[in-house]
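Written below as structure tokens is the structure these notes are about.
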């Protein structure tokens with residue numbers, strides 16, 4: 001059964017691979033599972049057909065036979081549970097890898113998203129210049145804690161896992177910013193993720209979809 | 001093996017049961033698993049001993065034999081995977097319940113936390129009055145989408161699950177606000193959660209811990 005994924009027809013990131021379908025593509029490439037894509041316009045994302053699949057009108061979704069899932073965190077975990085390669089066999093190590101998924105999505109990512117929201121939506125507001133450094137300090141605190149925990153290890157807890165996949169995907173949102181560059185071990189960690197063959201294949205696939213849509 | 005949980009010695013919510021240990025207590029009560037608590041001062045949460053358990057210096061943590069976990073999302077999922085009662089047996093329904101955990105924590109909760117951060121930390125700022133309604137509209141959008149999906153069902157997808165436990169815990173942060181009261185079916189959903197015997201037992205236990213610490 002080949003799963004089908006939804007993604008933006010034209011990702012607002014301009015093909016940089018930051019939309020959340022990239023995390024699902026990466027997971028599928030890591031485990032060697034083929035997939036098909038269904039690209040949606042912003043209009044189609046708000047229509048009843050898509051809302052039946054994704055109540056919040058977002059991408060990605062995942063359909064596989066009778067199963068329809070939403071939330072990239074849940075989709076990546078589902079893939080990791082049903083294929084070898086993204087979660088350890090040892091049950092305690094497996095639970096810890098899942099803890100890193102939640103740490104990435106619920107502790108590290110929210111302040112990074114807040115900074116992006118401010119940059120997109122509050123740039124012309126009177127408070128932007130005063131508030132941005134407050135947001136950046138919130139990110140800096142989390143990155144410092146993460147950097148101390150990672151130390152000089154390659155991955156967060158033993159072998160590469162779905163926890164690393166999510167954490168690196170979150171950190172990629174900060175690629176090229178001083179915030180990330182202040183933590184050299186996190187920069188190297190991100191590069192280790194980006195240079196995995198599965199990441200490269202997923203990245204090229206999303207870029208090809210973006211480029212094809214932009215050419216139409 | 002009796003698991004041990006950490007929580008705030010004096011919760012900043014004044015005993016309203018909004019700290020994230022409450023979600024773990026509730027899950028343990030639902031499955032009938034006894035537990036012990038270890039209450040931490042804010043100072044102890046930033047010390048090396050706790051940071052070894054929880055790299056971001058937060059509560060709760062979960063220790064059970066050789067296993068040490070952090071992130072309430074991961075802890076509740078761990079409990080739900082190892083005991084009956086919080087996840088369906090059918091594998092597709094189980095994956096969908098896990099999707100609701102992620103929806104609660106990564107789609108619905110972040111804008112609610114942002115509003116709380118603004119109320120706590122930006123109340124004296126010049127921009128507070130203009131920015132608060134923007135934050136409330138972000139919450140209103142998510143609650144409207146959730147309300148439409150829930151409709152007149154009792155729970156989000158079939159029987160009560162760990163997905164409902166997390167979603168109701170998130171919505172409780174808005175209890176008594178007009179934001180929640182604009183969605184009568186979500187108010188009723190929250191009440192259905194709060195009146196479960198397991199929720200009541202967990203709530204009373206956290207309140208007893210808070211009251212004991214406040215009396216010292």
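Bear in mind that the values in this text are calculations on the coordinates, not laboratory data. All figures in this text were calculated on a predicted structure; none of them were measured in a lab. As a convention, Cβ positions derive from the backbone with ideal geometry for all residues, glycine included, and neighbour counts pool all protein chains shown.
Of the beta bridges DSSP finds with both residues in the protein assembly as shown, what % are antiparallel, to the nearest 5? Don't skip to the end; give the middle numbers.
Details: 12 of 22 bridges.
Within the protein assembly as shown, antiparallel bridges account for around 55 percent of the total.
Using Cα springs under 10 Å in a Gaussian network model of chain A, which residue among A:78, A:89, A:50 shows the largest mean-square fluctuation?
Of the options given, A:89 has the highest mean-square fluctuation.
From the C-alpha coordinates alone, can you work out the Kirkwood hydrodynamic radius of the stretch A:1-76, in Å?
Values: mean 1/r = 0.0801 Å⁻¹.
Across the stretch A:1-76, the inverse of the average 1/r is 12.5 Å.
Which residue, A:62, A:189, A:35, tops the fluctuation ranking in a GNM of chain A built on C-alpha contacts under 10 Å?
With Cα springs under 10 Å in chain A, the top fluctuation among A:62, A:189, A:35 is at A:35.
What are the radius of gyration and Dmax of the stretch A:172-216, computed over its Cα atoms and given in Å?
In order Rg, Dmax, the Cα atoms of the stretch A:172-216 give 13.5, 41 Å.
Under the rule of -39500 (n - 2.57) per DSSP H run of 4 or more residues, summed and divided by the residues of chain B, what mean residue ellipticity at 222 nm is obtained, to the nearest 500 deg cm²/dmol?
About -17500 deg cm²/dmol.
List the relative contact order of the stretch A:30-112 as a percent without decimals, with contacts defined as Cα pairs under 8 Å and 6+ residues apart. List each step's numbers first, then the result.
Values: 49 pairs, mean separation 17.1, N = 83.
Relative contact order here is 21 percent.
Express as a percent, rounded to the nearest 5, the fraction of DSSP beta bridges in chain A (both residues included) that run antiparallel. Please report the intermediate quantities before stating the final value.
Numbers: 6 of 11 bridges.
Antiparallel: roughly 55 percent of the beta bridges in chain A.
Mind listing the Cα extents of the stretch A:91-196 along all three principal axes, in Å, largest one first?
Result for the stretch A:91-196: principal-axis Cα extents of 51, 24, 22 Å.
When only C-alpha pairs under 8 Å and at least 6 residues apart count, what is the relative contact order of the stretch A:91-196, in percent?
On the way: 81 pairs, mean separation 40.1, N = 106.
About 38 percent, as a whole number.
At residue A:84, with labels set 7 Å past Cα in the Cβ direction, how many nm apart are the copies from this one, shortest first?
3.2
In terms of the Cα gyration tensor, with a ≥ b ≥ c the square roots of its eigenvalues, is chain B rounded because a/c is under 1.5, prolate because a/b exceeds b/c, or oblate?
On the way: a/c = 1.70, a/b = 1.09, b/c = 1.56.
Cα axes put chain B in the oblate bin.
How large is the convex hull of the Cα atoms of the stretch B:34-119 per residue, expressed in Å³ as a whole number? Please list the in-between numbers first.
Working: hull volume 11.3 nm³, N = 86.
Hull volume over Cα atoms, normalised by residue count, gives 132 Å³.
With viscosity set to 1.306 mPa s and temperature to 10 °C, compute the Stokes-Einstein D of the protein assembly as shown, Rh being the Kirkwood radius across alpha carbon pairs; µm²/s, no decimals. Walk me through the numbers on the way to the answer.
Numbers: Rh = 22.4 Å.
Calculated translational D: 71 µm²/s.
Starting from the Kirkwood Rh over alpha-carbon pairs, what translational D in µm² s⁻¹ does the stretch A:117-175 have by Stokes-Einstein at 37 °C and 0.692 mPa s? Present the calculation step by step, with values, prior to reporting the outcome.
Working: Rh = 13.5 Å.
It comes out at roughly 244 µm²/s.
Over all directions, average the projected area of the Cα convex hull of the stretch B:34-75 and note it in nm². Before the final figure, lay out each step's value.
Details: hull surface 12.7 nm².
Result: a mean projected hull area of 3.2 nm².
Computed over the Cα atoms of the stretch A:136-216, what is the ratio Rg over Rh, Rh following Kirkwood? It would help to have the intermediate numbers written out before the result.
On the way: Rg = 14.4 Å, Rh = 13.8 Å.
Rounded to two decimals, Rg/Rh equals 1.05.
At residue B:41, label 7 Å along Cα→Cβ: distances to the other copies, nm, ascending?
Computed spacing set for this position: 6.2 nm.
Starting from the 7 Å offset along Cα-to-Cβ, what nm value, one decimal, do you get for the label separation of residue B:92 and residue B:116?
Modelled inter-label distance: 3.6 nm.
Just need the relative contact order of chain A here, percent rounded to a whole number, with Cα pairs under 8 Å and 6+ apart.
On the way: 265 pairs, mean separation 58.3, N = 216.
About 27 percent, as a whole number.
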